[in-house]
1. Residues in the stretch 171-180 that are out of contact with any strand residue (DSSP E or B) (no Cβ under 6 Å at 6 or more places or on another chain), open to solvent by 30 Å² or more (accessible area, probe 1.4 Å) and part of a helix (DSSP H, G or I): how many?
2. Please determine, by comparing only the residues of the stretch 74-116 that are of a type in the set (S, T, N, Q) and more than 16 Å from residue 37 (Cα to Cα), which one is least open to solvent (accessible area, probe 1.4 Å).
3. I'd like to check something: does the stretch 139-147 contain any residue that is touching a helix residue (DSSP H, G or I) at 6+ places or on another chain (Cβ under 6 Å), under 30 Å from residue 23 (Cβ atoms) and loosely packed, with under 15 Cβ neighbours inside 10 Å?
4. Give me the pairs, please: first residue somewhere in the stretch 56-68 and under 12 Å from residue 40 (Cβ atoms), second residue anywhere and more than 10 Å from the ligand (Cβ to nearest atom) and open to solvent by 10 Å² or more (accessible area, probe 1.4 Å), beta-carbon distance under 7 Å, and either six or more positions apart or on two chains.
5. Tell me which residues, restricted to the stretch 4-42, are open to solvent by less than 30 Å² (accessible area, probe 1.4 Å), in a loop (DSSP other than H, G, I, E, B) and within 22 Å of residue 170 (Cα to Cα).
6. When you scan the stretch 43-60, do you find a residue that is in a loop (DSSP other than H, G, I, E, B), surrounded by fewer than 17 Cβ atoms within 10 Å (Cβ to Cβ) and of a type in the set (S, T, N, Q), even just one?
7. Quick test of your reading of the structure: residue 165 fulfils all but one of (1) modelled with pLDDT under 95; (2) closer than 16 Å to residue 123 by Cβ. Name the failing condition by number.
Amino acid sequence: MISFVTTNKGKFVEAKKIAEKFSIEIRWVNLEYPEIQGESLEEVAYFSIKFLSKEIDDMFFIEDSGLFINSLKGFPGIYSSYVFKTIGNEGILKLMEGVKDRSAYFKAVVAFYDRSEIHTFIGITEGRIANEIRGDSGFGFDPIFEYNGRTFAEMGEGKNEVSHRRKALEKFFSWLTKNF
Ligand code: IMP
């Protein structure tokens with residue numbers, strides 16, 4: 001049994017479903033932890049793991065993700081949750097007004113602590129920033145992230161089949177079955 005530390009129940013439920021395919025059982029640890037203002041998702045995750053390793057006497061993993069817009073040099077990236085809470089989807093669309101290159105990607109980092117080392121697993125899904133807000137499923141930047149012509153918020157459950165989070169979690173669980 002491996003603990004997933006997150007305050008987001010939706011993330012836990014999604015991870016649990018994926019873990020089942022690998023016959024892995026995961027437990028939800030609903031614990032808040034500080035996120036530093038680092039340069040990359042990986043750096044932020046390392047710091048969080050170091051902090052949590054003093055609190056949790058077991059193997060555990062965390063997951064952190066963000067939206068990276070190429071023409072904005074990767075913004076909002078590691079600031080995604082802050083940017084979503086402040087300027088939101090409307091704010092991003094405003095920043096992108098008149099911008100030709102609308103390519104963007106979501107990136108997820110799963111960081112696993114085996115009580116001695118940290119192992120990271122990356123998942124990336126590429127798409128583009130839509131011209132307008134579309135769809136009503138999902139959360140966060142889903143209504144402005146277009147994947148094969150539809151926004152993530154127009155894809156319903158289909159989003160979870162192709163998401164950055166799924167890719168990172170599948171890499172992690174597949175590694176886990178071989179190494180533990
Ligand atoms: P977190 O810190 O991993 O929970 O994610 C940071 C922020 O990135 C969230 O608040 C969302 O705004 C955004 N984000 C991450 N993953 C997704 C996604 O799958 N869809 C939409 N927004 C996302």
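1. Within the stretch 171-180, residues that are out of contact with any strand residue (DSSP E or B) (no Cβ under 6 Å at 6 or more places or on another chain), open to solvent by 30 Å² or more (accessible area, probe 1.4 Å) and part of a helix (DSSP H, G or I) number 5.
2. Looking at the filtered set, the residue picked out is 89.
3. Scanning the stretch 139-147 turns up no residue that is touching a helix residue (DSSP H, G or I) at 6+ places or on another chain (Cβ under 6 Å), under 30 Å from residue 23 (Cβ atoms) and loosely packed, with under 15 Cβ neighbours inside 10 Å.
4. Every condition considered, the pairs that remain are 68/74; 68/105.
5. Correct list: 6, 24.
6. No.
7. Of the numbered conditions (1) modelled with pLDDT under 95; (2) closer than 16 Å to residue 123 by Cβ, the odd one out for residue 165 is (1).
The values are calculated or read from the model by the stated rules, or taken from the named source; none is laboratory data. Small disclaimer: the values here were computed from a predicted structure and weren't measured. Note that each Cβ is placed from the backbone with ideal geometry, even for glycine, and that neighbours are counted across all protein chains shown. Just so you know, the surface numbers come from the protein's heavy atoms only, side chains and all, with ligands and any DNA or RNA stripped out. Shrake-Rupley method; radii C 1.70, N 1.55, O 1.52, S 1.80 Å.
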